[in-house]
Each structure stands twice: as C-alpha cells, then as structure tokens.
Amino acid sequence: MRIEVDWTRCDGHALCGLLLPENLENDADGFPVVRRREVADADLRHARRAVSACPALALRLDRT
C-alpha cells in the first residue's frame, strides 16, 4: 500500500506526521513531508488510523 496526500485538501493539522512517523513528518507549519510512500505491512494499522483521523480527509491509501 502507498500513502497519498491530496494537497488541495490538506490544511496542515499535523496529525498525520504524529500518527504515521514511519512515512510522514510535519514541516514547521504542520504540513506533511512524505518520507516514504510505501507503507510496510507492520505499519498498515497506523496508516489506516492516520487516514481516518485526518480532519481534512486529505490522506488515502492506494494499492501499489
């Protein structure tokens, strides 16, 4: 699976970087910086949690 950010929706709430630090980190304004698009199987639960917690609905998981 791959984590994708819809930049037109993202408001920089900074939750995704906190919930999925293996793949995302937050810049100084709270916007995500994608470190790694591929989500490891071990991190899939965290990725799903980050997607559901995003208040702007800016994250999604895509099959590779």
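The values are calculated or read from the model by the stated rules, or taken from the named source; none is laboratory data. The structure displayed is predicted, hence computed values, not measured ones. Cβ placement follows ideal geometry from the backbone for every residue including glycine, while neighbour counts extend to all protein chains displayed. Ligands, DNA and RNA are stripped out before the accessible areas are found, and what is left, the full protein with its side chains, is counted by its heavy atoms. Shrake-Rupley method; radii C 1.70, N 1.55, O 1.52, S 1.80 Å.
Some points to look at:
- Loop-located GluC sites (Glu not before Pro) in region 1-45 (DSSP state other than H, G, I, E, B) with a sparse environment of at most 15 neighbouring Cβ atoms within 10 Å: 22.
- Accessible-area composition of the chain, carbon plus sulfur, in percent [1.4 Å probe]: 47 percent
- Along the axis of the charge dipole computed for region 24-64 (Cβ charges of +1 for Lys and Arg, -1 for Asp and Glu, origin at the Cα centre), the listed residues 32, 53, 64 are led at the positive end by 64.
- Relative contact order of the chain, pairs being alpha-carbon contacts under 8 Å that are 6 or more residues apart, as %: 46 percent
- The alpha carbons of the chain give a radius of gyration and a Dmax of 10.3, 30 Å, in that order.
- 0 to 90° range, to nearest 10: angle between helix 44-53 axis and the chain longest Cα axis: 30 degrees
- Relative to the current alpha-carbon distance between residue 62 and residue 2, full extension at 0.36 nm per residue lengthens the span by 21.1 nm.
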